[in-house]
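Working notes, beginning with the structure itself.
The values are calculated or read from the model by the stated rules, or taken from the named source; none is laboratory data. This one's a predicted model, so the numbers in the text were calculated from it and none came from an experiment. Here the Cβ positions follow ideal geometry from the backbone for every residue, glycine too, while neighbour counts run over all protein chains shown. To get the accessible areas, we keep the full protein, side chains included, count just its heavy atoms, and leave off ligands, DNA and RNA. Shrake-Rupley method; radii C 1.70, N 1.55, O 1.52, S 1.80 Å.
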Amino acid sequence: MNEEIIVHGVEWTVKELFVYPNEYIYWSIQIVMYPYMTGLVAGAFVLSSLYHVFGQEQLKDIARFSLVFSLALLPVAALPLLLHLQQPTRAMEPLLTPHFTSAISAFGIVFTTYALIVLSEIWFVYREYFVNQISVLKNARGFWNRARLVVYRILTFGAHDLSEEALRVDHKAAKILAGIGIPVACFLHGYAGFIFGSVKANALWMSPLMPVIFIMSAVVSGIALCMLTYIVIMELQAFRLRRSGSASQAGEVKGAESEIITQAARYLLGFLVAAISLELLDLIFRGYTAMKSWDILRSVMYGKDFVNIFVLQYTLGNLVPFILLLLPGRTVRRTVLALVLVLFGVFMMRWNVVIGGQAFSLSFSGYMHYHIPVIPHSLETFKEGLFGALTVAATPFVLFWLINKFVPSLRRVPGET
Amino acid sequence: MSCSRRQFLKDVVGGGLVAALPASAFVFISSDEAKAALAETKVRWAFLVDTTKCTGCGFCVTACKNENEIPFDAPVTRTWVERYVVTKDGQTHADSPMGGRDGFTQREIHGQEIEPEDIDKAYFVPKLCNQCDNPACVQVCPVGATYQTPDGVVLIDREWCIGCGYCIMACPYGVRFFHPVKKVADKCNFCYHRITKGLQPACVQSCAFGARRIANLRDPDDPVTKIITTERVAVLKDEYGTKPNVFYIGLDENVR
Amino acid sequence: MKRHVLHPLWVAIGLVGLILLARVFMVPDDFGVHGPSFTYNYYRLSNIQEWKNFPVKYRGKESCAECHEDKIRMTRRSPHKRIECENCHGPALDHPDDIEFLPTNQDRALCLRCHASLEYPNNARSDLPAIVDRHHKRNRACVDCHNPHNPREDAE
């Protein structure tokens with residue numbers, strides 16, 4: 001039994017004026033990361049579905065990529081929770097004894113369902129590729145090629161039929177799964193908003209708008225991340241092609257990229273407008289109705305957190321990218337800047353909700369200041385500190401690199417649906 | 001098209017199986033066990049705090065820490081005492097140093113020295129878990145690690161709590177915290193191990209002024225119950241709909 | 001119709017089956033709804049007895065009286081009669097079986113809990129005799145001059 005005495009939260013919480021003795025910032029950086037990562041998952045999936053379900057042909061390439069990337073993001077969505085739990089070895093309990101009156105209990109079921117849908121859809125999209133790879137690698141030598149052969153053999157689940165009808169069925173199944181996946185992705189993120197919005201004890205969180213705000217900003221972040229990663233990868237490809245002397249091919253790549261980005265940007269802006277409108281509506285309502293908590297909320301939002309909310313989130317994270325994407329003569333550099341700002345803005349939104357909601361005491365007469373642990377000196381200050389957050393942020397890219405070796409999503413493979 | 005029908009069937013069956021998982025969570029026990037569990041409903045624990053009697057000595061907080069093995073120097077506590085000083089300029093100054101564990105021996109509040117002649121009123125308010133009828137903390141526990149006993153006390157299963165902290169966020173009264181050693185949620189449970197043996201909670205016993213008293217609302221002869229039912233009492237933050245069972249005499253409007 | 005469409009379904013069913021099987025082994029048998037409401041009464045039943053078995057630390061004045069009747073009689077003649085012995089002497093636990101001499105807190109800080117002057121109007125504390133700490137015999141223990149069992153008498 002670990003007899004170490006650690007009061008969770010005391011390391012990074014500074015109390016000001018009258019705060020109840022047991023109040024600390026219990027939900028810190030990992031709880032900011034969690035809705036951020038699930039938002040990226042949901043957004044990436046919705047982007048992919050825009051092609052599969054609604055037949056937006058220009059999105060075909062980025063759709064395949066964002067589907068696979070959404071798979072790379074999925075385990076990372078669960079990682080912040082594992083790092084946050086005081087008893088991570090009991091993490092399976094929401095699947096074993098789910099108490100359905102709790103929004104968090106939905107996590108186990110929704111997450112598993114969504115994972116199954118994404119995996120199934122990828123399977124249907126790539127089954128043809130797997131079967132082809134088996135015949136390509138059948139006589140190949142070398143450890144890595146043999147390993148891949150084994151993996152592909154397993155991944156096909158014995159379904160080797162490549163007839164036209166079989167492929168048509170694959171295509172249809174992928175489309176249906178993409179369609180079902182949209183509401184599930186919305187639920188995956190809507191429930192995260194419900195987790196906060198249903199806490200009546202927290203004056204900032206309590207709002208029926210919370211689930212919708214979370215979904216909208218999740219889709220925004222997912223689309224932005226996919227667009228950004230896609231641009232980076234395509235630019236790299238074009239750069240390599242130019243260096244190897246194929247300037248015309250490089251030009252083709254850049255042209256296609258531009259088309260896709262323009263289309264995706266339209267959706268991004270739509271969801272961005274929706275997200276901002278709802279957040280402003282929430283703010284205006286609170287100020288207008290001026291409930292008991294309004295005094296302390298106002299002093300937090302217009303005082304201590306003014307820069308976080310109005311400068312970082314609303315201006316830098318929403319208004320500036322909005323203008324950047326709408327101005328004519330959009331360049332790749334400007335788009336990249338806009339996308340990075342959007343991602344930053346959505347992160348600040350999560351920060352301002354989670355940390356902002358704990359910036360004031362239940363007494364409405366005191367404040368709590370969050371000082372994120374930077375240099376970890378214990379397991380707890382790592383898990384709930386800057387490096388824990390960076391670990392979570394970096395992992396999807398590592399996973400994507402690994403998954404992409406088996407499920408390539410960046411080059412158009414001839415004969416694929 | 002037969003393809004899409006098959007696909008639909010696949011999804012319905014798959015969805016049904018996934019739904020079977022939550023359905024299996026609704027385990028109902030046999031009627032004999034239910035009867036035995038509900039046998040204690042002749043008791044409904046409640047608490048009465050008389051703020052007109054509290055002197056802020058803090059012995060209750062010390063006793064609670066010792067009785068319930070909450071590390072003495074850790075800045076968390078199952079019960080605490082708040083001090084309120086309302087000054088003539090209309091300001092309310094409130095504090096609770098270490099939860100009132102060492103009492104209140106200085107006039108200074110948050111670095112501000114308050115002169116006696118500036119004070120309109122000043123008082124102490126002990127607080128503890130309200131063992132609500134509709135506990136928000138129980139509602140939000142994702143795994144069933146916290147619950148309401150048949151006699152009304154809200155307990156925490158230390159073996160099952162995953163330490164997510166949702167219950168701590170959901171409590172409007174701020175009574176919950178993470179136990180610094182056990183690494184699970186913790187809170188006042190009316191000294192359940194004592195009251196079920198006919199003893200008083202540690203805080204009630206240690207209070208020399210009679211500011212804290214425990215009651216059984218189902219016992220009409222309980223003198224404390226009589227006070228709750230026949231005299232003017234108040235509860236904290238009733239706007240949250242939690243239906244708390246800690247009643248206060250002399251609860252001032254400035255109490256947060 | 002192509003059967004391979006159902007392959008992911010079998011995997012999903014297998015996974016759900018695994019979870020249901022895991023429940024049999026990992027969830028205690030007495031875990032369930034033990035009361036009128038799933039919202040408030042969903043728990044592991046044996047936990048209630050576990051809490052009832054939690055060790056008691058404070059024994060209370062009546063148990064002190066079994067051996068220390070003289071001290072208690074002394075307090076009965078004073079305003080300190082309503083203070084629990086264990087407030088100053090610490091929890092009795094299994095005294096004298098496990099602890100022969102209870103550690104007694106004789107610090108000034110203990111007495112100041114009630115007797116530090118705060119001058120609050122309309123407050124029960126103002127009924128108690130009080131001192132201003134820095135003006136009254138600093139650096140000495142209160143018990144040097146005041147008998148805690150009956151402060152109206154001289155110290156022992």
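Tabulated data
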{"read-out": "Probe 1.4 Å - accessible area at B:Lys88, Å² to nearest ten", "value": "130 Å²"}
{"read-out": "Stokes-Einstein D for the protein assembly as shown, Kirkwood Rh over Cα pairs, 37 °C, 0.692 mPa s (µm²/s)", "value": "109 µm²/s"}
{"read-out": "C/B buried area, accessible surface, summed, 1.4 Å probe, Å²", "value": "5900 Å²"}
{"read-out": "Whole-number accessible area per residue in Å² for region C:70-134, which is evaluated in the context of all protein chains at 1.4 Å", "value": "60 Å²"}
{"read-out": "Accessible-area ranking of A:Met301, A:Met227, largest first, probe 1.4 Å", "value": "A:Met301, A:Met227"}
{"read-out": "Computed over chain C, the ratio Rg/Rh where both radii use C-alpha atoms and Rh is Kirkwood", "value": "1.38"}
{"read-out": "Ordering of B:222-231, A:7-16 by burial proxy (mean other Cβ atoms within 10 Å per residue, highest first)", "value": "A:7-16, B:222-231"}
{"read-out": "Proximal charge balance of C:Gly60 [Cβ under 12 Å; K/R count +1, D/E count -1]", "value": "0"}
{"read-out": "Interface B:A - total buried accessible surface [probe 1.4 Å, Å², rounded to 100]", "value": "4900 Å²"}
{"read-out": "Solvent-accessible area of A:Ser299 with every protein chain in place, 1.4 Å probe, in Å² to the nearest 10", "value": "40 Å²"}
{"read-out": "For region A:363-383 versus region C:15-53, the gap between their alpha-carbon centres in whole angstrom", "value": "34 Å"}
{"read-out": "Members of region B:186-215 that become less accessible by 10 Å² or more once partner protein chains are added (1.4 angstrom probe, chain alone as reference)", "value": "B:Asn189, B:Tyr192, B:His193, B:Arg194, B:Thr196, B:Lys197, B:Leu199, B:Gln205, B:Ser206, B:Ala208, B:Phe209"}
{"read-out": "Total accessible surface hidden between C and A, rounded to 100 Å², 1.4 Å probe", "value": "1700 Å²"}
{"read-out": "Chain A: relative contact order in percent, alpha carbon pairs under 8 Å with at least 6 residues between", "value": "29 percent"}
{"read-out": "Solvent-accessible surface (1.4 angstrom probe) belonging to B:Tyr147, in square angstrom, nearest 10", "value": "0 Å²"}
{"read-out": "Average Cα contact separation per residue, chain C, under 8 Å, 6 or more apart, as relative contact order %", "value": "16 percent"}
{"read-out": "Most to least accessible of C:His95, B:His93, A:His377 (protein chains only, probe 1.4 Å)", "value": "A:His377, C:His95, B:His93"}
{"read-out": "Accessible area (Å², per residue) of chain A, counting only protein heavy atoms and a probe of 1.4 Å", "value": "41 Å²"}
{"read-out": "Members of region C:102-118 that become less accessible by 10 Å² or more once partner protein chains are added (1.4 angstrom probe, chain alone as reference)", "value": "C:Leu110, C:Leu112, C:Arg113, C:Cys114, C:Ala116, C:Ser117, C:Leu118"}
{"read-out": "Order of exposure, largest accessible area first, which applies to A:Phe347, B:Phe47 with probe 1.4 Å", "value": "A:Phe347, B:Phe47"}
{"read-out": "Measure of compaction for region A:10-118 (Cα Rg per 2.2 N^0.38 Å)", "value": "1.38"}
{"read-out": "Percent breakdown of C-alpha pair distances by 20 Å bin, ordered from the shortest bin, for chain A", "value": "24, 54, 20, 2"}
{"read-out": "Candidate lysines for bridging to A:Lys383, where Cα separation is under 17 Å - those fewer than 8 sequence places away on the same chain excluded", "value": "B:Lys183"}
{"read-out": "Estimated [θ] at 222 nm from DSSP helical runs (n ≥ 4, -39500 (n - 2.57)) normalised by residues in chain C, nearest 500", "value": "-11000 deg cm²/dmol"}
{"read-out": "Mean residue ellipticity (222 nm) of chain A, computed from DSSP H runs ≥ 4 via -39,500 (n - 2.57), nearest 500", "value": "-22500 deg cm²/dmol"}
{"read-out": "Reachable lysines, given that their alpha-carbon falls under 28 Å from the alpha-carbon of B:Lys237 and they are not under 8 places away in the same chain", "value": "A:Lys15, A:Lys200, A:Lys292, A:Lys304, B:Lys42, B:Lys53, B:Lys65, B:Lys88, B:Lys121, B:Lys127, B:Lys187, B:Lys226"}
{"read-out": "Share of carbon and sulfur in the accessible heavy-atom surface of the protein assembly as shown [1.4 Å probe, %]", "value": "61 percent"}
{"read-out": "Minimum 30 Å² accessible area buried by the other protein chains, region A:56-88 residues, probe 1.4 Å, relative to alone", "value": "A:Leu85, A:Gln86, A:Gln87"}
{"read-out": "Pairwise centroid distance, computed over Cα atoms, of region B:187-232 with region A:290-353, Å", "value": "52 Å"}
{"read-out": "Under the span-like rule (Cα at least 27 Å along the axis, Kyte-Doolittle mean at least -0.5), DSSP H helices of chain A", "value": "A:29-52, A:60-84, A:106-137, A:164-197, A:210-243, A:247-289, A:332-354, A:386-406"}
{"read-out": "Under the span-like rule (Cα at least 20 Å along the axis, Kyte-Doolittle mean at least 0.5), DSSP H helices of chain C", "value": "C:7-26"}
{"read-out": "Region A:295-366: trypsin sites (Lys or Arg not before Pro) in DSSP loop, at most 16 other beta carbons within 10 Å", "value": "A:Arg330"}
{"read-out": "Region A:142-259 - percent relative contact order, Cα under 8 Å, separation 6 or more", "value": "13 percent"}
